[in-house]
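K.L.:
Handing you this structure, nothing more for now.
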Amino acid sequence: MTDIAQFTADEERAVREAFAAGGDPVCPRDGARLTVRSIGGGSFGLGYARSRQWLICPTCKRSVIFDEKRGTRT
């Protein structure tokens, strides 16, 4: 198997943009619909909480996680 185990930066960007546009995000490698999981939380007592989205491919198991407000990779 010669595939790398994670998305490229361009693939991650495409997934984030599709999600931000309100479309169904699909895996750029195999076309499967990505599973979306919201991740909340933050550091107790620091006065902030992060809201993240974790998009996971059920087929190839690659994923991308990013801050929901900014749409940036973490």
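K.L.:
Within region 46-69, work out how many residues are open to solvent by 70 Å² or more (accessible area, probe 1.4 Å) and modelled with pLDDT of 90 or more.
P.N.:
Qualifying residue count, region 46-69: 3.
K.L.:
Which ones in region 36-45 are closer than 14 Å to PHE66 by Cα and either modelled with pLDDT of 90 or more or open to solvent by 70 Å² or more (accessible area, probe 1.4 Å) (or both)?
P.N.:
Listed by number, the residues that qualify are VAL36, ARG37, SER38.
K.L.:
Oh, and also: Report the residue count in region 1-18 for those that are open to solvent by 70 Å² or more (accessible area, probe 1.4 Å) and not aliphatic (A, V, I, L, M).
P.N.:
Adding up the residues that qualify gives 6.
K.L.:
Going by what's in this entry, would THR72 be described as touching a strand residue (DSSP E or B) at 6+ places or on another chain (Cβ under 6 Å) and modelled with pLDDT under 90?
P.N.:
yes
K.L.:
Just name the residue that is most open to solvent (accessible area, probe 1.4 Å) out of those in region 19-32 that are free of Cβ contacts under 8 Å to residues at least 12 places away in the same chain and in contact with a strand residue (DSSP E or B) (Cβ under 7 Å, 6 or more places away or on another chain).
P.N.:
Among residues in region 19-32 that are free of Cβ contacts under 8 Å to residues at least 12 places away in the same chain and in contact with a strand residue (DSSP E or B) (Cβ under 7 Å, 6 or more places away or on another chain), the one most open to solvent (accessible area, probe 1.4 Å) is ASP24.
The values are calculated or read from the model by the stated rules, or taken from the named source; none is laboratory data. What you are looking at is a predicted structure, and each value in this text was computed from that prediction instead of being measured. Cβ sites come from the backbone with ideal geometry, for glycine too, and all protein chains shown count toward neighbours. Ligands, DNA and RNA are stripped out before the accessible areas are found, and what is left, the full protein with its side chains, is counted by its heavy atoms. Shrake-Rupley method; radii C 1.70, N 1.55, O 1.52, S 1.80 Å.
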